[in-house]
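Right, one structure below, let's go through it.
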Amino acid sequence: MPSIFTRILRGEAPASIVHRDTAVAAFLDIAPLSEGHCLVVPLQETAHLADLPPQTLDRLTAVAQKVGSALRAADPTITGLNWLLCDGKDAGQEVFHTHLHVIPRRAGDGLRLGGRPQKTSRADLDAWAERITRKFSECP
């Protein structure tokens, strides 16, 4: 059975898309750890990082870098970013389709990785996607 991310990429499940190209896509996490929390996902479904072709990994990190720049441009209260990639069940991976979290941080946010995700509406996710998308093309 395809992962939820593969279903999103096929248009079979909803997502607030920030970017998509021939190798990867970026969209808002449905259970964000902070506002603007994005996932960067290869179009090719691979369960583990070691299974990902090196050129796809290069693209994944390049897009994550740009998503981070777009997040900062979209919201000046973002003062830091965490990247998180869980590879394997014992590392906390829940969706077995390689993906990189780009998690915005704000001064005093109190966020501790491993914390509980926030409940967020599709409208809020779509609004964030629009803000980030507007800035995405402006970022290096």
- Item | Per-region count, region 27-44, residues among the aliphatic types (A, V, I, L, M) and part of a loop (DSSP other than H, G, I, E, B) | 4
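Give the residues of region 85-113 that are aliphatic (A, V, I, L, M) and either in a helix (DSSP H, G or I) or farther than 22 Å from Arg7 by Cβ (or both), sorted by residue number. Show your work before the answer.
In the first step, residues of region 85-113 are kept if they are aliphatic (A, V, I, L, M); the result is 85, 91, 95, 100, 102-103, 107, 111, 113.
Across region 85-113, the qualifying residues are Ala91, Ile103, Ala107, Leu111, Leu113.
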- Neighbours by Cβ (under 7 Å, 6+ apart or cross-chain): first from region 68-90, buried (at least 16 other Cβ atoms within 10 Å of the Cβ); second of a type in the set (Val, Ile, Thr) and modelled with pLDDT under 95: Ala70/Ile132; Leu71/Ile132; Ala74/Ile132
- Query: Exactly one of (1) surrounded by 15 or more Cβ atoms within 10 Å (Cβ to Cβ); (2) modelled with pLDDT under 90; (3) more than 20 Å from Ser16 (Cα to Cα) is unmet by Phe136. Its number?
  - Reply: (3)
- Residues in region 114-126 that are assigned to a helix (DSSP H, G or I) and over 15 Å from the mean Cα position of the chain (by Cα) total 3
- Within the bounds of region 94-113, is there any residue that is exposed (fewer than 13 other Cβ atoms within 10 Å of the Cβ), of a type in the set (D, E, K, R), closer than 25 Å to Ala13 by Cβ and in contact (Cβ under 8 Å) with a residue 12 or more places away in the chain? no
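Residue-by-condition table, conditions (1) in a helix (DSSP H, G or I); (2) more than 25 Å from Pro2 (Cα to Cα); (3) of a type in the set (Ser, Thr, Tyr):
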| residue | (1), (2), (3) |
| --- | --- |
| Val67 | yes, yes, no |
| Ala73 | yes, yes, no |
| Ala129 | yes, no, no |
| Thr133 | yes, yes, yes |
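Being part of a loop (DSSP other than H, G, I, E, B), exposed (fewer than 15 other Cβ atoms within 10 Å of the Cβ) and in contact (Cβ under 8 Å) with a residue 12 or more places away in the chain: is that true of Ala47 here?
Values: part of a loop (DSSP other than H, G, I, E, B): yes; exposed (fewer than 15 other Cβ atoms within 10 Å of the Cβ): no; in contact (Cβ under 8 Å) with a residue 12 or more places away in the chain: yes.
Considered against the rule, which asks whether it is part of a loop (DSSP other than H, G, I, E, B), exposed (fewer than 15 other Cβ atoms within 10 Å of the Cβ) and in contact (Cβ under 8 Å) with a residue 12 or more places away in the chain, Ala47 comes out as no.
The values are calculated or read from the model by the stated rules, or taken from the named source; none is laboratory data. If you're wondering where the values come from, they're calculated on a predicted model, not measured in any experiment. Counting neighbours? That spans all protein chains shown, and the Cβs are built from the backbone with ideal geometry, glycine included.
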